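Working notes for the structure below.
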Amino acid sequence: MKLNNIKLPKWNFWNFGGLFFFYFLIWAVVLAFLPIWLKEEAGLDASHTGLVFSAISLIALCYQPFFGVISDKLGFRKNLFWFVVIVALFMGPFFTFLFIPLLQYNIWVGAIIGGIYLSAVFQGGVGVVEAYIERASRASSIEYGRVRLFGSIAGATATLIGGMMYLYNPISIFWFASCSAAVLGILLHTAKVDPSASTAGVPADSNEASSEITKERVFSIFKLKNFWFLSLLIVGTASVYDVFDQQFPNYYNQFFASPSLGTQRFSELVSLQTAIEAILMIFMPFIINKIGAKNGLLLFGLLTFVRIFGTAIATDTVSLSLLRLIAAVEMPLLLVSIFKYITSVFDIRLSATIYLLAFNFAKQAAIVVFSSIAGNMYTSIGFQNTYYFLSAIVLLITVISIFGLSNDKNKREPVGSVTPKQNKERMVAVPKV
């Protein structure tokens, strides 16, 4: 076989993948060890740790509605993405010189300032990053799920490296994050989208593509029943998923002879999980195209219930570890399904706004509430009973969503297969906002 017959992926594929890799390298190395750092280095108990996470989520709520609308207005311009990158550059200095003194001075002041900073990079900023790359990938006829797999690879890399760095010197993981942000900035500078490409899936020469994103158009989203059912599903599954994961490392460590051994094993486990996740991300777009995005979201809810309920009844490290590996299936399901569902069921001109409202905003609003409640429940009734409570919420909301969500399966076309004429026709058929 001649080598010149082998068609390599486009440069955009590797560039967008690199953006995901280095952003989620920062994400994984910081957030995977943040609950442990807050307990061991900052000296916080479970309730105060829950307060910090609630503050991060609460501040993120202030970012997300604006980030969504601005992202749709900016289109392929990188202004908001640059904001996230520049803030992430200061991760090392923030944790080294500022965060612990603030927490020691006053837990509320520390939690609020920490929330302002960390949510700009993570819970608020992630929507900016994902919406931009999804939009750019779609315009370049690249399947989003296959680009997103670089984020999973980054997670596997970061948790393994992060575990070793944390045990050697806990503060080193935050300086590593700052270095990763510098590389992310270089990749963002080189990222290009063909100016003749469609804007968020709308033909470039279409009047629809240039229609103004007005206040009325944005607020009309809230009149859609499907928007509220999608938000409910995210609140009852994805937010509980995050709350469950926040302090799971501390629960997992209880099953080991020493916290340091538990931290090392947890680091290795998450690395294995994210490696499996990366492999599954390659095939997940094909699977979701077959079963439909709605079914993908429902399956995510079911697996989340199994993992949380199973953790409550697990009695050994092997069972806990196997249950943790279910997350390797959950995240590809959620990440691919949510974007396919939004771009299939809603007006694609407002895809970023809907994503940040129905997914990020709804999720973070719920996390604000659930984090503090779960933190107090961990202290008062223990981890296991709290897990029973969380799993019941997930199961109930998943069952409701079976009847509430619209069926997207017959409304979607594979990436790159839609002609400008078909795209225009599709926008007429899709419920408008």
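The values are calculated or read from the model by the stated rules, or taken from the named source; none is laboratory data. Predicted model, so just to flag it, every value in this text is computed and none were measured. Heads up, the Cβs are rebuilt from the backbone with ideal geometry, glycines too, and the neighbour counts pull from every protein chain shown. Just so you know, the surface numbers come from the protein's heavy atoms only, side chains and all, with ligands and any DNA or RNA stripped out. Shrake-Rupley method; radii C 1.70, N 1.55, O 1.52, S 1.80 Å.
Just a few scattered comments:
- Number of positions in the range 108-148 that are open to solvent by 20 Å² or more (accessible area, probe 1.4 Å) and modelled with pLDDT of 85 or more: 6
- From Leu51, Leu19, Leu98, residue being surrounded by 18 or more Cβ atoms within 10 Å (Cβ to Cβ) and either farther than 15 Å from Ile133 by Cβ or without any contact (Cβ under 8 Å) to a residue 60 or more places away in the chain (or both): Leu51
- The helices (runs of 4 or more DSSP H) located wholly in the range 93-183 that include 3 or more residues which are aliphatic (A, V, I, L, M) and in contact with a helix residue (DSSP H, G or I) (Cβ under 7 Å, 6 or more places away or on another chain) occupy 107-121, 125-139, 144-168.
- The lone criterion from (1) under 22 Å from the mean Cα position of the chain (by Cα); (2) open to solvent by less than 10 Å² (accessible area, probe 1.4 Å); (3) of a type in the set (Val, Ile, Thr) left unmet by Thr343 is number (2).
- Being crowded, with 24+ Cβ neighbours inside 10 Å, hydrophobic (A, V, I, L, M, F, W, C) and modelled with pLDDT of 85 or more is a property that does not hold for Ile373.
- Matching residues in the range 141-162 - criterion: being more than 16 Å from the chain's Cα centre (by Cα) and under 22 Å from Thr343 (Cα atoms): Ser141, Ile142, Glu143
- Residue satisfying all of: in the range 314-334; within 22 Å of Ile279 (Cα to Cα) and charged (D, E, K, R); most open to solvent (accessible area, probe 1.4 Å) among these: Arg324
- Close pairs from the range 223-246: first closer than 21 Å to Val329 by Cβ and in contact (Cβ under 8 Å) with a residue 24 or more places away in the chain, partner of a type in the set (Val, Ile, Thr) and open to solvent by 30 Å² or more (accessible area, probe 1.4 Å), Cβ under 6 Å, at least 6 apart: Gly236/Ile393; Val240/Ile393
- All positions within the range 33-79 that are assigned to a loop (DSSP other than H, G, I, E, B), modelled with pLDDT of 80 or more and within 21 Å of the chain's Cα centre (by Cα): Phe33, Lys78
Okay, residues lined up against (1) assigned to a helix (DSSP H, G or I); (2) out of contact with any helix residue (DSSP H, G or I) (no Cβ under 7 Å at 6 or more places or on another chain); (3) open to solvent by 10 Å² or more (accessible area, probe 1.4 Å); (4) free of Cβ contacts under 8 Å to residues at least 60 places away in the same chain:
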position: Val336; (1), (2), (3), (4): yes, no, no, no
position: Leu350; (1), (2), (3), (4): yes, no, no, no
position: Asn360; (1), (2), (3), (4): yes, no, no, no
position: Ala392; (1), (2), (3), (4): yes, yes, yes, yes
position: Ile397; (1), (2), (3), (4): yes, no, yes, no
